[in-house]
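Some notes on the structure that comes next.
The values are calculated or read from the model by the stated rules, or taken from the named source; none is laboratory data. Not measured: the values here are computed from a predicted model. No Cβ is skipped: glycine too gets one built from the backbone with ideal geometry, and neighbour counts run over all protein chains shown.
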Protein chains: 2
Amino acid sequence: MTSVLDPSLPVRVQMERLVRQKQLEITKGMESLDESSFHTDEWLRGESGGGGRSMVLQEGKTFEKAGVNISVVHGVLPPQAIEKMKADHKNIKTDAGGSVKFFACGLSLVIHPWNPHAPTTHLNYRYFEITNSDGSPQTWWFGGGADLTPAYIYDEDCVQFHQKHKDALDQYKPDLYPRFKKWCDKYFFIPHRNETRGIGGIFFDDFDELPAQKCLEMIEACFNAFLPAYLPLVERRKDTPYTDQQKQWQQVRRGRYVEFNLVYDRGTKFGLQTPGSRIESILMSLPMTASWLYDHKAPGPEEQRLLDVVKTPVDWIEL
Amino acid sequence: MTSVLDPSLPVRVQMERLVRQKQLEITKGMESLDESSFHTDEWLRGESGGGGRSMVLQEGKTFEKAGVNISVVHGVLPPQAIEKMKADHKNIKTDAGGSVKFFACGLSLVIHPWNPHAPTTHLNYRYFEITNSDGSPQTWWFGGGADLTPAYIYDEDCVQFHQKHKDALDQYKPDLYPRFKKWCDKYFFIPHRNETRGIGGIFFDDFDELPAQKCLEMIEACFNAFLPAYLPLVERRKDTPYTDQQKQWQQVRRGRYVEFNLVYDRGTKFGLQTPGSRIESILMSLPMTASWLYDHKAPGPEEQRLLDVVKTPVDWIEL
């Protein structure tokens, strides 16, 4: 695949190019498995600076709800926000008034297929930069990851999803996949259920341990891993026959998805608390349908297998 | 209705009697509109002391999901919890180790009917006591309320629900209803949607401005107002014909219900954060089914009316 990166340009410009390109590639890839098309909304952050583009496919043939959102925002960070960031980034320098300029750019997607045998997935890659008054980056980092949330476990699907992401990361540093895999299991943990949201994937944050251009390349490689990691799984499962009971199990698992996103997900919480943020783009991640049944138990061994996996994360490939 | 209160007994004993009695009365009242019965689970809080009884009717003829839960718990409050409480109750005295003994007892219910014209309701009344070493109450308060969440507005339903609760409170102090009505609109506000969860009702907390026995009588009166305030509404609407679009609107509104409960409701948040709490009893409040549609708009004037009401709370009866 041809790279859209160009080292002669600032990192922020390259990252914006990248997420714009990947939004188009990924939505096109999804459309190849559906008969519906994505609907596009452009939105602006108003006075605060920046905006984004939300692309949503709802009630398609294969996908119940799929949202792919990019945002490119910039502005001034208030002192409280800076204080929190200093916990992880001690070298942030503020101006005389205690403020700093920032730039943030990312792509975020959640895909919920209809068929309970086809897994839900989530991906997010983002770049954050604190900018000097001359426009050069002062402090910067990347974050993100991709993870899979099936209602039924197919080992080959889980292995494929992990393997494609491992292959992408292994080109940059051999310890990245094992670290990001564990980080993912830890991040997507639902304490009140004592289970993870799904079967994992990769997750990282505050990442700046490679030169910025190398990080960009790594992010591009992760992006490129996504469609080969996910689309074949949907293709294999989208027409698998299913029972009402299997559909109900999917709905109950989607309830757990909602619980994680509304109660624990940092991005969602931050978005809901930020005045002026676009709620529809933030809550795009929620499934079209979800269910809560009182004291619901796994109805059979296949559902129990899922519970076993989310209660004790599995190393799908050798670490 | 005969009172179960007996001033010769400690307040905590009377409150426990009250919630036990009301759980039976209310579930019996609900069953009179359904063909299914409530299923009962007794649960214990383990070493921590106390327990409760959850009664659930799921997939009945009238009710999609109805949960009525009582809990009677006691134990020792850790110093952090006491610090928080001191914000509202300055006279709490701790023992030498900084701890205090507590007793808490309450009934909590949420009822979701199938029919989109029949409203969802929630009720909760609770008593909290910090206990001296000799077993007498040191600091105590009552809290709770009842509120209505329709998907479609029927003015007479909203008025009836409010009027019955006003009548109950007016016997004790004329300013209670106006205060508790406003408090309810404020408490059940969803900031990220800029709307209230429903059409209000009454809500209060840290209530100790009447003698404890009078408070108990007031709580009993509020309990007694509930069935006359709610059951006739369900009876009127449970067989109203509805379209697929109306059912979908109800599902979207239930999504908002989930958002409030998981993101803002203090009781739910406290429960999810408390190790050893019974998650199934806490999340019993969530609807059996809910939906999130991207950028969904009110499809017609009846749905728009609901949005107008939740965006600008109405005084259903003169304050």
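Summary table below
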read-out	value
Number of positions in region B:75-84 that are assigned to a helix (DSSP H, G or I) and under 21 Å from residue B:12 (Cα atoms)	2
Any hit, region B:212-231, residues being more than 15 Å from the chain's Cα centre (by Cα) and either free of Cβ contacts under 8 Å to residues at least 40 places away in the same chain or part of a loop (DSSP other than H, G, I, E, B) (or both)	no
Count of residues meeting criterion [more than 7 Å from chain B (Cβ to nearest Cβ), touching a residue at least 40 places away in the same chain (Cβ under 8 Å) and in a helix (DSSP H, G or I)] in region A:258-285	4
Of the criteria (1) of a type in the set (Lys, Arg); (2) touching a Phe, Trp or Tyr at 6+ places or on another chain (Cβ under 7 Å); (3) farther than 21 Å from residue A:112 by Cβ, which one residue A:197 fails	(3)
Looking only at region B:118-140, and only at residues there that are surrounded by fewer than 22 Cβ atoms within 10 Å (Cβ to Cβ) and more than 21 Å from residue B:45 (Cβ to Cβ), the one that is modelled with the highest pLDDT	B:139
Single residue of region A:236-245 satisfying the filter (assigned to a helix (DSSP H, G or I) and surrounded by fewer than 20 Cβ atoms within 10 Å (Cβ to Cβ)) that is farthest from the other protein chains (Cβ to nearest Cβ)	A:236
Among the candidates A:278, A:256, A:237, residue that is within 21 Å of the chain's Cα centre (by Cα), at pLDDT 95 or above and on the phi < 0 side of the Ramachandran plot	A:256
Checklist (1) within 9 Å of chain A (Cβ to nearest Cβ); (2) buried (at least 20 other Cβ atoms within 10 Å of the Cβ) applied to residue B:229, failing item	(1)
Residue in region B:286-319 that is nearest to residue B:248 (Cα to Cα), counting only those that are within 14 Å of another protein chain (Cβ to nearest Cβ) and aromatic (Phe, Trp, Tyr)	B:292
Of residues in region A:176-199 being within 14 Å of another protein chain (Cβ to nearest Cβ) and in a helix (DSSP H, G or I), the one nearest to residue A:219 (Cα to Cα)	A:191
Top-ranked residue in region B:143-164 [being within 13 Å of the chain's Cα centre (by Cα) and buried (at least 20 other Cβ atoms within 10 Å of the Cβ); ranked as farthest from residue B:100 (Cα to Cα)]	B:149
Checking residue B:306 against (1) on the phi < 0 side of the Ramachandran plot; (2) free of Cβ contacts under 8 Å to residues at least 60 places away in the same chain, the condition it does not meet	(2)
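Every residue, every condition in (1) within 14 Å of chain B (Cβ to nearest Cβ); (2) without any contact (Cβ under 8 Å) to a residue 60 or more places away in the chain; (3) crowded, with 17+ Cβ neighbours inside 10 Å, yes or no:
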position: A:38; (1), (2), (3): yes, yes, yes
position: A:62; (1), (2), (3): no, no, yes
position: A:70; (1), (2), (3): no, yes, yes
position: A:78; (1), (2), (3): no, yes, no
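To keep it simple, each residue is scored yes or no on (1) surrounded by 15 or more Cβ atoms within 10 Å (Cβ to Cβ); (2) away from chain B (no Cβ under 14 Å); (3) free of Cβ contacts under 8 Å to residues at least 40 places away in the same chain; (4) part of a helix (DSSP H, G or I).
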{"site": "A:26", "(1), (2), (3), (4)": "yes, yes, no, yes"}
{"site": "A:34", "(1), (2), (3), (4)": "yes, yes, yes, no"}
{"site": "A:42", "(1), (2), (3), (4)": "no, no, yes, no"}
{"site": "A:47", "(1), (2), (3), (4)": "no, yes, yes, yes"}
{"site": "A:52", "(1), (2), (3), (4)": "yes, no, no, no"}
{"site": "A:56", "(1), (2), (3), (4)": "yes, no, no, no"}
